[in-house]
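J.: What follows is a single structure, and I will ask about it in a moment.
The values are calculated or read from the model by the stated rules, or taken from the named source; none is laboratory data. Keep in mind that this is a model prediction, so the values were computed, not measured. Virtual Cβ from ideal backbone geometry, glycine too; neighbours counted across all protein chains shown.
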Amino acid sequence: MPAFSLEPSQTARCAELRALAADRLRPLAEKGEPGRVNRPLVAELGRLGLLERLFTSGALDLCLMRESLAHACTEAETALALQGLGAHPVHAHGTPAQRDRWLPAVGEGSAVAAFALSEPGAGSDAAALGLRAEGEGEGNGGPSPAGPPSNPSRTAGPVAESDGSARWRLTGDKCWISNAPEADFYTVFARTTPGAGARGVTAFLVPADRPGLTGTALDMLSPHPIGALAFDAVPVSADDVLGEVDRGFRVAMGTLNLFRPSVGAFAVGMAQAALDATLAHTSRRDAFGGKLRDLQSVAHTVAEMALRTDAARLMVYAAATAYDEGAPDVPKRAAMAKLLATETAQYVVDTAVQLHGARALQRGHLLEHLYREVRAPRIYEGASEVQRGIIAKELYADLEVS
């Protein structure tokens, strides 16, 4: 891998985004209600053209956007990322009708998207999904889906009607879904073939107004909109499928391979904000006859914070570049980037709190905010332990090939 550096235009764009986040997005974020979708903030992201870039940019540009926004306004970063996560499957796998219906509204910030993968009993193990997509009439003497697919062209459940009428009923629960229950549509992953593991999952585009779909908000540590969804025989049709029947796991993993490095970028942005605050604080804080920065233990700690932050940043950029270039080792690089960056950010923010002392624990302090924000990325989109499993699997696969 060659040495990595940003182009001057990219560096300038990052500086511009940090300024926009501080001047135009931060005030809107501060007016939002914790745990609720901040629609004015989402709309402003659309007016600034940032949401449109989710569908026209590569992985590296996505990382630069997320890192820059996170440095000044984590709420804006999260709002942007959730729009991308929920809508990317539509962009990548949707039909022309699905794309025309939803992507312009997502891009302008008038429609809120959500990615509904996790369940109460299937978080990081996406292949263990329990939300059922049952064929129309199933359980009432009607036909039921066949067993695990042996033919890639096999269709699960009854044959679809030509008018796209309801073909399946979704029954079950989703949990820890960002933007739920306030999103306008959900990318939902459900089991169409029982007992088939990852091969029996289908992705559906489900508008929020479908009968039988309800949701409740969850009160979480981070002030993001997160909720649970209940599906009570929610009707979906062939027109709602994203990609191919029983091939939804590929839709999910393709989306996560793109967004995992950018989760790392979000973490790097928070780490850099914590590092910058620590440099300023230790330079002006009087202690033991001098400044905090004059204490060797403090100076060495700050150096360690900077070292880890830069190392994580480079790994994130390398993973994103590999994705953009179509490299064969994207899953491994994406997992490495997310793992290193999120664990690094946890260390940097925690250390920054320690060096600031009690003031950093006051509600409203930047580090108090970052301390609550930084914990979740080590869990969502695959916990750190899952990333280590992916890395090991890919390493041993490479060994077998060679």
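Residue by residue, here is whether (1) surrounded by 19 or more Cβ atoms within 10 Å (Cβ to Cβ); (2) not charged (D, E, K, R) holds:
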position	(1), (2)
ARG359	no, no
GLY364	no, yes
ARG375	no, no
GLY382	yes, yes
VAL386	no, yes
GLY389	no, yes
ALA392	no, yes
LEU395	no, yes
GLU400	no, no
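J.: For the stretch 169-191, which residues satisfy the criterion of being over 24 Å from THR95 (Cβ atoms) and assigned to a strand (DSSP E or B)?
T.: Result: THR171, GLY172, ASP173, CYS175, TRP176, SER178.
J.: So which of ALA97, ALA81, ALA92 is in contact with a strand residue (DSSP E or B) (Cβ under 9 Å, 6 or more places away or on another chain), in a helix (DSSP H, G or I), modelled with pLDDT of 80 or more and over 16 Å from ALA183 (Cβ atoms)?
T.: ALA92
J.: If a residue has to be under 17 Å from the mean Cα position of the chain (by Cα), under 30 Å from ASP286 (Cβ atoms) and of a type in the set (Asp, Glu) to count, how many in the stretch 352-402 make the cut?
T.: Selection size over the stretch 352-402: 1.
J.: From the list PRO40, PRO34, which residue is part of a helix (DSSP H, G or I), surrounded by fewer than 23 Cβ atoms within 10 Å (Cβ to Cβ) and either assigned by TED's automatic domain parsing to the domain that holds SER178 or not aromatic (Phe, Trp, Tyr) (or both)? Before the answer, list the steps.
T.: On the way: PRO34 fails: part of a helix (DSSP H, G or I).
When all the criteria are applied, what remains is PRO40.
J.: Another one. Picking from ARG18, ARG66, which residue would you name as being surrounded by 21 or more Cβ atoms within 10 Å (Cβ to Cβ), in contact (Cβ under 8 Å) with a residue 12 or more places away in the chain and assigned to a helix (DSSP H, G or I)?
T.: ARG66
J.: Then there is this: Is it the case, given these coordinates, that PRO143 is in contact with a Pro (Cβ under 9 Å, 6 or more places away or on another chain) and at pLDDT below 50?
T.: The answer is yes for PRO143.
J.: Going through ALA198, ALA230, ALA203 one at a time, which residue ends up being farther than 16 Å from TYR380 by Cα, of a type in the set (Gly, Ala, Ser), modelled with pLDDT under 95 and not assigned by TED's automatic domain parsing to the domain that holds ARG18?
T.: ALA198
J.: In this structure, does ALA29 turn out to be within 20 Å of PHE185 (Cα to Cα) and at pLDDT 95 or above?
T.: Numbers: within 20 Å of PHE185 (Cα to Cα): no; at pLDDT 95 or above: yes.
No, not satisfied.
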